[in-house]
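A quick write-up on the structure given underneath.
The values are calculated or read from the model by the stated rules, or taken from the named source; none is laboratory data. All values derive from a computational prediction rather than experimental measurement. Cβ coordinates were reconstructed from backbone atoms using ideal geometry, including for glycine residues, and neighbour counts include every protein chain displayed. Please note that ligands, DNA and RNA were not included when accessible areas were found on the heavy atoms of the full protein model with its side chains. Shrake-Rupley method; radii C 1.70, N 1.55, O 1.52, S 1.80 Å.
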Amino acid sequence: MTQQLVEELFIKYFHNPILDSQLDSAMLSLKAGRWAMTTDSFVVKPVFFPGGDIGKLSVCGTINDLAVMGAAPLYLTCSFIIEEGFDIGDLEIIVQSMNSTARKDGLTIVAGDTKVVERGYCDGVYITTTGLGIVPNWINYSPSAMQVEDRVIITAPPGAHGLSVFAARNNLGVDPPPQSDCASLFSLIEPLNSLEVRCMRDPTRGGLAAVLNELAVKGKKGIKIDESLIPIDSTVAYLMELLGLEPYQLANEGAAVIIVSKKDAERALEILRGHPLGRKASIIGKITAEIPGQVLMVTYLGTERIMQMPSGVIIPRIC
Amino acid sequence: MVNRAAISQLAQKISGKVSYPVRIMEVCGTHTMNIARFGIKQLLPPGIKLISGPGCPVCVTEESDIDLIQELARIAGVTVFTFGDLYRIPGSEGSLEKLNGEGADVRITVSPLEAVHYAEQNPAREVVFIAIGFETTAPVAAVMIDLVRKKGIKNFSVLSFHKRIPPVLMELVREDSNYIDGFLLPGHVSTVIGTDEYQPLAKIWSKPGVVTGFEPEDILQGIYAILEQISEKSCRIEIQYKRGVNKEGVPLAREYMSNYFEFCDASWRGLGVISESGLAIRKKFRDFDGFYRFSLGNRIIKRAPITTCSCGEILRGVKVPCECLLFGSVCKPDNPVGPCMVSSEGSCAASYNYPSRYEDPSIMKG
Ligand code: SF4
């Protein structure tokens, strides 16, 4: 596979006036205002998983990082590290899926780069994407804006992406295989920007548990959630039970955790549930003055337990 | 879904039954995990103490057994298949995970059959499946050996560290017959073996035993049944988990097990050598026995533990995880010092992952 071949692929799919000009840098004419910028690298094994692939994931991931800050994503750059010998047909599928995901949200891919490295120096393909989006001037999402009695919403059942990749990686042999929820959240959460939203996060690595803990620490407040209000996906729940795991530590790639004022919580829920990605959205808890920096969960039994920051290792039980 | 009303009713019934301290051992790791996860101790009156038992397969694996697996993995041409948690337990010279970085071929699997397929496709490799677990997983290993025999696969063997639950329980009561007042017996193990082997617990040692399911309601019902037996002063082995267990177990699974395995002495971490508490591959199938095939010598190597891990005391119910000096500070799930922190079913991992603000105050500092 040559560098040139890859670049031809980019031009074929991503083409747009800015990219087509093929200058050393993309030239953008930006209007005055506040811009959000984010960058993220994606390494996922397997590269193709039920419900998506690394291409779709790399675009959605960056869109979602912008969207949860209230930004409208506009521009994207991408950089590929490709292992020598990686199938060019597979690469084309990945590029195609990046393209269609980006276009759906009106995102323009303005620059790209590739490096092909020797076999063994990377695992298939790694993609880094950087996104730029504009933020309306009245928006200032931050965990420090959280107030006691604010409500906590999750837009979809936890764990779908994490489980899908886990199942594929470990040959769980479940049929049909669990699907990733990998999706762009922009159209789902953009309508909330007119409400009293304090902040949003997408629960990727470490899942719901990681995001809630992070919010509690950064916002210096406690979070109290009710396990029985957390939406569940029956496939995820069944497999988790079997593996002796809880879905709260597994990643989503198409869900958001939203902290919204008590007053606007029901309205937000209504808006979310009107969108295909938010049908199962639910208010799962609230911000409290108790236990600052920690997350308390009322279990199905009505008992309480601290929801711990996940340790990062996911190990199923043996028997 | 859990019925909160039924749960609180049960909890009340339990409170009404206890007038003196009762110590109940939950034998199985899945019980330990669910008790922590659902905060079940908060529902119990202070008189009831739940003690975690030796029913977490990884936790009872000896350090010297890990060393033995490493010795095997270092042999050129050998591919080792193991379950994920075994992979991460530190032996005296680091974990299997670390060995992999040094050129060994150790693979994690959730399905033992994957190892058989790998052996079939790679006849030049010596494939060894590390079989740990109790009577739940032993029949699976037996079926694998059966399959490999019938297919004529020559490059596959099993390194069996399988252990049996009934002998270890007998050993615990023999050591100190006053320490435990009753047993929540494991659901899955009993599905296979039935209840006969537990009878001496009730008949000889006068300990109530209730085979219990894994849902919170099951666990509370199991506890209640034990209390009832205590107050009636009649001890027997009872089945709460009727949807999963009957008295006879699963005859086919037991048959496979006894065709391929025989009882042997086995060493349990923290508990020492317990006679007839292990399962070794029968001599006539020793071509499939990793110990024989790779001349790994005596399966019981006694060696003083070198880590300061308190897993042994925790397994005997003498300490609780937060009493270990390393708990939550040095020892965490992403840097486990002992097996009780590695396995999701281990007491230390359960306490770490599902802390309650009422117990384990030490974790708040961590
Ligand atoms: S906390 Fe760690 S070191 Fe201490 S007993 Fe548990 S596993 Fe062993």
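Of note:
- Unique residue being in contact with a strand residue (DSSP E or B) (Cβ under 7 Å, 6 or more places away or on another chain) and either in the same structural domain as B:GLY270 (by TED's automatic domain parsing) or surrounded by fewer than 23 Cβ atoms within 10 Å (Cβ to Cβ) (or both) when the list is B:LEU147, B:LEU184, B:LEU172: B:LEU184
- Pairing residues of segment B:317-328 that are on the phi < 0 side of the Ramachandran plot and assigned by TED's automatic domain parsing to the domain that holds B:ARG269 with residues that are more than 9 Å from the ligand (Cβ to nearest atom) and in a strand (DSSP E or B), at Cβ distances under 9 Å and at least 6 apart in sequence or on separate chains, gives no pairs at all.
- Close pairs from segment A:227-245: first within 12 Å of chain B (Cβ to nearest Cβ), partner of a type in the set (S, T, N, Q) and assigned to a helix (DSSP H, G or I), Cβ under 7 Å, at least 6 apart: A:GLY244/B:THR30
- In summary, strands (runs of 3 or more DSSP E) completely within segment A:108-205 and bearing 2 or more residues that are outside the structural domain of A:LYS280 (by TED's automatic domain parsing) and among the hydroxyl-bearing types (Ser, Thr, Tyr) occur at A:108-117, A:125-135.
- Residue in segment A:265-277 that is open to solvent by 10 Å² or more (accessible area, probe 1.4 Å), in contact with a Lys or Arg (Cβ under 8 Å, 6 or more places away or on another chain) and more than 16 Å from A:MET309 (Cα to Cα) present: yes
- Flag for B:PHE156 being within 14 Å of another protein chain (Cβ to nearest Cβ) and either polar (S, T, N, Q) or in contact with a strand residue (DSSP E or B) (Cβ under 9 Å, 6 or more places away or on another chain) (or both): no
- Positions within segment B:14-40 being among the basic types (Lys, Arg) and within 21 Å of the chain's Cα centre (by Cα), in sequence order: B:ARG23, B:ARG37
- Filter result for the condition that a residue is aliphatic (A, V, I, L, M), open to solvent by 70 Å² or more (accessible area, probe 1.4 Å) and touching a residue at least 24 places away in the same chain (Cβ under 8 Å), over B:ALA124, B:ALA119: B:ALA124
- Verdict on A:ARG169 being among the basic types (Lys, Arg) and either away from every other protein chain (no Cβ under 14 Å) or buried (at least 20 other Cβ atoms within 10 Å of the Cβ) (or both): no
- Among the residues listed as B:VAL106, B:VAL148, B:VAL143, the single one being more than 14 Å from every other protein chain (Cβ to nearest Cβ) and under 20 Å from B:GLN70 (Cα atoms): B:VAL106
- Any chance B:GLY317 is more than 14 Å from chain A (Cβ to nearest Cβ), away from the ligand (no atom under 12 Å from the Cβ) and either loosely packed, with under 14 Cβ neighbours inside 10 Å or modelled with pLDDT of 80 or more (or both): no
- Counted residues, segment B:320-331 - those being within 8 Å of the ligand (Cβ to nearest atom) and within 14 Å of chain A (Cβ to nearest Cβ): 5
- Among the residues of segment A:300-319, those identified as at the interface with chain B (Cβ under 7 Å from one of its Cβ atoms) and at pLDDT 85 or above are A:TYR300, A:LEU301, A:GLY302, A:THR303, A:GLU304, A:ARG305, A:ILE306, A:GLN308.
- Among residues of segment A:24-40 that are surrounded by 14 or more Cβ atoms within 10 Å (Cβ to Cβ), those with a Cβ under 6 angstrom from a residue that is in a loop (DSSP other than H, G, I, E, B), sequence gap 6+ or separate chain, pair up as A:ALA36/A:MET69; A:ALA36/A:ALA71.
- Evaluation of B:GLU114 against the conditions (1) within 14 Å of chain A (Cβ to nearest Cβ); (2) farther than 25 Å from B:VAL58 by Cα shows that the sole unmet condition is (2).
- Matching residues, segment B:342-363, being modelled with pLDDT of 85 or more and within 11 Å of the ligand (Cβ to nearest atom): B:GLY346, B:SER347, B:CYS348, B:ALA349, B:ALA350, B:SER351, B:TYR352
- Any chance A:THR101 is open to solvent by 10 Å² or more (accessible area, probe 1.4 Å) and in contact (Cβ under 8 Å) with a residue 60 or more places away in the chain: yes
- If you go through segment B:40-63 and pick out every residue that is open to solvent by 10 Å² or more (accessible area, probe 1.4 Å) and closer than 16 Å to B:SER160 by Cα, you end up with 2.
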